[in-house]
Amino acid sequence: MNNTLPITIAQINPTIGDFTGNLALIAQAMLDAHQQQAKLLVFPELALCGYYPGDLLNEADFIAACDHALTCVQTQTQRYPELTIIIGLPIRRHAPGKPLYNALVAIQQGNIIACYRKQLLPTYNIFDERRHFEPGPNEAVCIKLAGFNIGVMICEDAWNDASIDYAINPFDSLAAAKPDFIVSINASPANIGKTRPTASKFFAKLHSDTK
């Protein structure tokens, strides 16, 4: 097995509801990743529509625009058959409860090869995700790529450190899947100095729960 996997992180800044502008950012990131000979391209949480769209998620036209944007992205990926992308977006659900999941999909050559639905939905401080989304199922999702087993999760799923804020800890099921590494997509307000302590907490949690 080739023990390297070139990854590009597309730390774009989508604008809420600007699907044309967001698709342009996504297309440019794909081109850049292709030119960098990356095999995996990772976008933020809710990158298609921007974070956080709030009650726009209740609007049928907004969700239809998300669906169309996803189709456009799938078409764009066909230009880069060597590239797999991971991108965040709202997806529909058809069951009692909220009509949407906060999700990510992995896309390869126009096809969705994996879908993960965020399990832990924050409702504190500025966050109100449970207002619009249903929690995803308590199950691990992994992507097989270039000989690697890649676990995926979304933001809050990594922060139930003491297992007191939520009834489940997504790391438990993910540990059982034995990923080689984890891709966690995020989108939250930033401040100077936030990156270092946040990364330290995440890697400490990763080491304790997946070793």
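Legend: helices of the chain (whole DSSP H runs) are marked when their alpha-carbon atoms reach 15 angstrom or more along the helix axis and their mean Kyte-Doolittle hydropathy is at least -0.5; marked are 19-35, 60-77.
Taking the chain as a Gaussian network of alpha-carbon nodes connected by springs under 10 Å, the highest mean-square fluctuation of the residues GLU82, GLU156, GLU134 belongs to GLU82. Would you look at the GNM of the chain, springs on alpha carbons closer than 10 Å, and say which of CYS72, CYS49, CYS142 moves the most? Comparing CYS72, CYS49, CYS142 in the GNM, the peak value goes to CYS72.
Full extension of the segment from ILE16 to ALA176, taken as 0.36 nm per residue of separation minus the current Cα-Cα distance, would add 54.0 nm. When both bridge partners sit in the chain, DSSP labels roughly 65% of those beta bridges antiparallel. Modelled label positions at ARG79 and ALA27, each set 7 Å beyond Cα in the direction of Cβ, lie 0.6 nm from each other. Taking ALA146, ALA47, ALA158 in turn, the Gaussian network model of the chain (Cα-Cα springs below 10 Å) assigns the largest fluctuation to ALA146. Its relative contact order, with pairs defined as Cα atoms under 8 Å and 6+ residues apart, puts the stretch 1-96 at 35 percent. Extension gain for the segment CYS72 to THR123, taken as residue separation times 0.36 nm less the Cα-Cα distance, is 15.2 nm to one decimal. Each Cα pair under 8 Å and six or more residues apart adds its sequence gap; the mean of these over the residue count of the chain is a relative contact order of 16 percent.
For the stretch 51-120, the Cβ-based charge dipole about the Cα centre amounts to some 260 debye (Lys, Arg positive; Asp, Glu negative; other atoms uncharged). For LEU46, the shell of other residues with beta-carbons less than 12 Å away shows a net charge of -1, using +1 for Lys and Arg and -1 for Asp and Glu. Under the shape rule built on the C-alpha gyration tensor, where the axes satisfy a ≥ b ≥ c, the stretch 78-181 is oblate, since a/c reaches at least 1.5 while a/b does not exceed b/c. Along the positive direction of the dipole of the chain (beta-carbon charges: Lys, Arg +1; Asp, Glu -1; about the Cα centre), which of ASN160, GLY54, ALA38 reaches farthest? Working it through, the farthest residue towards the positive pole turns out to be ALA38.
Around GLN108, what is the net charge, scoring Lys/Arg as +1 and Asp/Glu as -1 over all other residues with Cβ under 11 Å from its Cβ? Counting the neighbours of GLN108, the net charge comes to +1.
Here is how the number arises for the chain: DSSP H runs of 4 or more residues each give -39500 (n - 2.57), the sum is divided by the residue count, and the result at 222 nm is -9000 deg cm²/dmol. Pairs of lysines in the chain whose Cα atoms sit within less than 27 Å of one another amount to 22, provided the residues are eight or more positions apart or on different chains. Which of these values of volume of the Cα convex hull per residue in Å³ was calculated from the structure shown: (1) 128; (2) 159; (3) 112? Label (1) holds the value from this structure. Charge tally for TYR166 (other residues, Cβ to Cβ under 10 Å; Lys, Arg +1; Asp, Glu -1): -3. Remark: the chain carries a charge dipole of roughly 420 debye about the Cα centre, counting +1 on each Lys and Arg Cβ and -1 on each Asp and Glu Cβ.
Fully extending the segment from ILE112 to ILE164 would add 15.3 nm, taking 0.36 nm per residue of separation and subtracting the current Cα-Cα distance. Rolling a 1.4 Å probe over the protein chains gives TYR124 an accessible area of about 110 Å².
The values are calculated or read from the model by the stated rules, or taken from the named source; none is laboratory data. Treat the numbers as computed from the prediction; the structure is a model and nothing was measured. Glycine gets a Cβ as well: all are built from the backbone with ideal geometry, and neighbour counts include every protein chain shown. These area figures cover heavy atoms from the full protein model, side chains too; ligands, DNA and RNA do not enter into them. Shrake-Rupley method; radii C 1.70, N 1.55, O 1.52, S 1.80 Å.
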